[in-house]
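Here is the structure we will look at.
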Amino acid sequence: MIGDSSPIGDDDLQALVDDRLAPERRRLVEAWLADHPDVTARIAALCADRDALRDRLAAKAAEPIPARLRVAALKAGRRSRLARTALSAAAALTIFAAGAASDRLVVALSPRPAPMPQEASASAEASPALPARADALAGVAEVAHRTFVVEVAHPVEVEAGREAHLMQWLSKRLGRPLAAPDLAPFGWKLMGGRLLTAGTGPAAQLMYEDGAGHRLTVWIAGGEAGRTAFRFRADGATSTFAWIDDGFGFAVTAPLDRDRLLAIAEAVHHRLDRPSSPL
Amino acid sequence: MDEATETLERHIPALRRYAWALVRNADAADDLVQDCLERALSRWWLRPRGADLAPWLFTILRNLHVDRHRAGARRGPHVALDEASEPDVAAEQENGLALRDALAALDRLPEDQKSLLLLVGVEDLSYEEAARVLGVPVGTVMSRLSRGRARLRSLLETGRATLLRSVK
C-alpha cells in the first residue's frame with residue numbers, strides 16, 4: 001500500500017495485524033519492529049484480540065441456518081406480498097376511479113384533509129374544492145408509488161443513465177420543461193422515471209433510491225388549475241405531500257416521517273414551482 | 001436452486017455472525033438478516049455483477065442496522081442498542097473486574113469502529129471493501145481500525161470504558 005522506502009506507519013501495523021502486507025513491505029516492518037519491542041508486544045496483543053473475537057463468533061456462523069432465513073421461504077413470502085400489494089393497488093385505483101366523480105368520496109380518501117398552519121401559509125388557496133383536488137392527487141401519486149417501488153425487473157421505464165433523454169421525453173409529453181430535482185443532499189439518488197396516465201392526461205413519475213434501498217417518487221401531472229398549499233397524506237409507513245401550482249399537480253411520496261418528507265417536498269417545490277425556468 | 005437462492009444462502013452464516021455481533025440478541029439479529037435478504041432479493045437487479053456479493057450484503061445489513069438505531073434514538077428515551085449491556089458491564093467494573101471477554105469489550109465501541117473490527121478482522125473484507133460498506137475513504141478505515149483496536153485493547157486491559165464512549 002505504501003512505497004517500499006517510506007517510514008513505517010500505523011497503517012503498516014494494522015495491515016500486519018491483518019496479515020495484509022506485501023512480502024517486501026512485511027520484511028521491512030518486521031525489521032523495524034525488531035528495534036521496537038514495545039510495539040511488537042502491542043501488535044501481538046492486537047492479533048490476540050482479533051483472534052479472540054473470531055473465536056467468540058465462530059459458533060454463531062457454525063449454527064444451522066434457521067428455517068425462516070431460507071431464501072426459498074423468503075421468496076415465497078415476497079411473492080405473496082407483491083401479489084397482495086398489486087391487489088390493494090388495483091383496489092385503490094378502482095376506489096379512486098369511482099371517487100373521481102364525487103368530491104365527497106375523494107375527500108374521504110384523505111385521512112387528514114386539514115393542512116398544518118405552516119403548510120397552509122405557504123400559499124393562498126383559491127377555492128375550497130382545490131384542497132380536495134390536491135388530496136386526490138396525493139392518493140393517485142401514492143398508488144403509483146406503491147405500484148412501482150416494489151417492481152424488481154422494471155422499476156423505471158428509462159434509467160437515470162439516460163437522464164437527458166428521459167427528461168426531454170417527459171417534458172415533451174407533459175408540455176412543460178422538466179428537470180429531475182437533485183435530491184442528493186437528502187441522500188436520494190435518481191433511478192429514472194416513467195410516463196403514466198392520470199385521469200385527464202399524461203403524468204410523469206421520477207423514482208429515487210437511498211443507500212438502504214428505500215424508494216421515493218416524485219409525481220407530476222397536468223390538467224390542474226389554481227394553487228394549493230402542501231397537503232399531507234400518510235398510509236402506513238408511506239407519506240405523501242401533494243400540491244397544485246401553475247396548472248400542474250405535484251406529489252412526493254416516500255417511506256419517511258412527515259418532517260423528513262416535508263423538507264424534501266419543500267426542496268422539490270422550490271425547484272419545480274418556477275414556471276418560467278426549466279425545472 | 002436458482003442463482004439468487006444459491007448465492008445468498010452461501011452468505012447467510014457470515015451475515016448472521018455480523019448481525020449477532022452488532023445487536024447481541026439472537027432474534028433481533030436474525031430479523032436483521034431476514035430484512036437484509038429480503039432487500040437483497042428486491043434489489044437483485046442492482047447487485048454488483050462479477051464481484052463477490054459479501055460487501056454488498058454487509059452494506060445492506062449495516063444500513064438497516066444504522067437506520068433502525070437512528071429511528072430508535074429519535075423515537076424514545078434514548079437507550080442505544082450498543083449500550084444495552086451497560087449495566088452488567090458497569091457492575092462488573094465496580095466489582096473491580098476487568099473486561100475479559102473480547103465480545104463484551106466490542107459492545108462498548110462506537111458502531112463504526114465495531115463494524116470495522118468485525119468486517120476486517122472477522123469477515124476478512126479487504127480495506128477497500130470495508131471502506132465501501134461504511135461509505136468512507138480507505139484512509140478513514142485505517143485510522144478508525146487503529147483507534148478501534150486500541151480501544152478494545154485498553155478495555156480488555158483495564159476494563160475502563162468511560163473515556164472511550166465520550167469520543168463517539
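The values are calculated or read from the model by the stated rules, or taken from the named source; none is laboratory data. These numbers come from a predicted model, not from an experiment. Positions of Cβ are generated from backbone atoms using ideal geometry, with glycine treated the same way; all protein chains shown enter the neighbour counts.
Observations, loosely collected:
- Leading residue by the ranking (surrounded by the fewest Cβ atoms within 10 Å (Cβ to Cβ)) among those in region B:1-16 that are more than 8 Å from chain A (Cβ to nearest Cβ) and touching a helix residue (DSSP H, G or I) at 6+ places or on another chain (Cβ under 7 Å): B:His11
- Out of A:Ala72, A:Ala45, A:Ala62, one residue alone is free of Cβ contacts under 8 Å to residues at least 40 places away in the same chain and more than 7 Å from chain B (Cβ to nearest Cβ). It is A:Ala62.
- Flag for B:Gly96 being surrounded by 14 or more Cβ atoms within 10 Å (Cβ to Cβ), more than 10 Å from every other protein chain (Cβ to nearest Cβ), out of contact with any Gly (no Cβ under 8 Å at 6 or more places or on another chain) and at pLDDT below 90: no
- Selection status of A:Glu209, under 18 Å from A:Met167 (Cα atoms) and of a type in the set (Asp, Glu): yes
- Filter result for B:Leu41 (modelled with pLDDT of 95 or more, in a helix (DSSP H, G or I) and within 30 Å of A:Ala153 (Cα to Cα)): no
- Among the residues examined, A:Leu190 qualifies as buried (at least 18 other Cβ atoms within 10 Å of the Cβ), closer than 26 Å to A:Val158 by Cα and not β-branched (Val, Ile, Thr).
- All positions within region B:17-35 that are facing chain A (nearest Cβ under 9 Å) and within 14 Å of A:Val71 (Cα to Cα): B:Asp30, B:Val33, B:Gln34
- Restricting attention to region B:36-50, the residues that are facing chain A (nearest Cβ under 10 Å) and over 14 Å from the mean Cα position of the chain (by Cα) add up to 10.
Here is a yes/no grid of residues against (1) on the phi < 0 side of the Ramachandran plot; (2) surrounded by fewer than 19 Cβ atoms within 10 Å (Cβ to Cβ); (3) among the aliphatic types (A, V, I, L, M):
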| residue | (1), (2), (3) |
| --- | --- |
| A:Leu166 | yes, no, yes |
| A:Leu170 | yes, no, yes |
| A:Leu178 | yes, no, yes |
| A:Arg194 | yes, no, no |
| A:Gly199 | no, yes, no |
| A:Ala204 | yes, no, yes |
| A:Glu209 | yes, no, no |
| A:Glu224 | yes, no, no |
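Residues are listed down the side, and each one gets a yes or a no for (1) surrounded by fewer than 15 Cβ atoms within 10 Å (Cβ to Cβ); (2) at pLDDT 95 or above; (3) not in a helix (DSSP H, G or I):
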position: B:Ala130; (1), (2), (3): no, yes, no
position: B:Met142; (1), (2), (3): no, yes, no
position: B:Ser146; (1), (2), (3): no, yes, no
position: B:Arg149; (1), (2), (3): no, yes, no
position: B:Leu156; (1), (2), (3): no, no, no
position: B:Arg160; (1), (2), (3): yes, no, yes
position: B:Leu164; (1), (2), (3): no, no, no
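- Those strands (runs of 3 or more DSSP E) lying entirely in region A:161-233 with at least 2 residues within 14 Å of chain B (Cβ to nearest Cβ) and within 10 Å of the chain's Cα centre (by Cα): A:189-198, A:201-209
- Being exposed (fewer than 12 other Cβ atoms within 10 Å of the Cβ), more than 9 Å from every other protein chain (Cβ to nearest Cβ) and either more than 42 Å from the chain's Cα centre (by Cα) or in a helix (DSSP H, G or I) (or both) is a description that applies to A:Asp38.
- Just one of the listed residues (A:Asp55, A:Asp12, A:Asp38, A:Asp19) is out of contact with any strand residue (DSSP E or B) (no Cβ under 8 Å at 6 or more places or on another chain) and at positive phi, namely A:Asp19.
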